[in-house]
Amino acid sequence: MKFTLLVALVMIVITAGVSITLAAPIGIYQHGTVVRMRMGDCLLMHRGFINNFGPPQAAAAEESCPEYTLVTDKVVFVIVGKSSNQLVPLAEIIDFRFQNKELAVRVDDARKESKFAIKEMTLRSQWDLIQKHIEDELNDSPRHPADTSLMLRSRQ
């Protein structure tokens, strides 16, 4: 009886260990919403230390890469794609996970994940305060009427 109980306990521990080791590479997906996108310079993302501080290299054709603002419940990420064809739909809830200092993003149950470099991370509460401050500044700024005398002089 004790032997059977011991074997059952060992099997449970082994099974739990296998399921944990199999789940680790897959990762646990988190959810977030893409609220902003802009095209930025992606050449800086590919350069290493030697390229940045070494002798000047021949100028490469600069390409634009997408930069997204991904909002989650607690953190806001600014992520940058590695190429211009890594596009994520705006106002879409996406699944992502951390993998080797990058964000692996899966959109619409896609077969493959897209990897994005993390440019910035901010707490959601701080980001909300900054957004509110920007909105207040835009709403409170005095609207200066157009100076029509300048317009008339330029036409003459």
(message) Can you tell me which residue is modelled with the lowest pLDDT among those in the range 82-101 that are more than 20 Å from Val35 (Cβ to Cβ), out of contact with any Gly (no Cβ under 9 Å at 6 or more places or on another chain) and surrounded by 11 or more Cβ atoms within 10 Å (Cβ to Cβ)?
(response) Ser84
(request) Confirm whether His133 is surrounded by 10 or more Cβ atoms within 10 Å (Cβ to Cβ) and at pLDDT 90 or above. (result) yes
(request) Filter the range 72-118 for residues that are among the basic types (Lys, Arg), part of a strand (DSSP E or B) and more than 18 Å from Gly40 (Cα to Cα) and give the result. (result) Arg97, Arg106
(request) State which residue pairs qualify: first residue free of Cβ contacts under 8 Å to residues at least 24 places away in the same chain and inside the range 87-101, second residue surrounded by 12 or more Cβ atoms within 10 Å (Cβ to Cβ) and among the β-branched types (Val, Ile, Thr) in any location, beta carbons under 9 Å apart, and separation of 6 or more residues or different chains. (result) Leu87/Val107; Lys101/Ile118
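Quick one: would you say Gln57 is in contact with a helix residue (DSSP H, G or I) (Cβ under 8 Å, 6 or more places away or on another chain), at pLDDT below 85 and either among the polar types (S, T, N, Q) or closer than 16 Å to Tyr29 by Cα (or both)? Steps first, answer last, please.
Details: in contact with a helix residue (DSSP H, G or I) (Cβ under 8 Å, 6 or more places away or on another chain): yes; at pLDDT below 85: yes; either among the polar types (S, T, N, Q) or closer than 16 Å to Tyr29 by Cα (or both): yes.
Yes: the conditions hold for Gln57.
The values are calculated or read from the model by the stated rules, or taken from the named source; none is laboratory data. Just so it is clear, the model here is predicted, and its values are computed rather than measured. For neighbour counting, all protein chains shown are included, and Cβ atoms are generated from backbone atoms with ideal geometry for every residue, glycine included.
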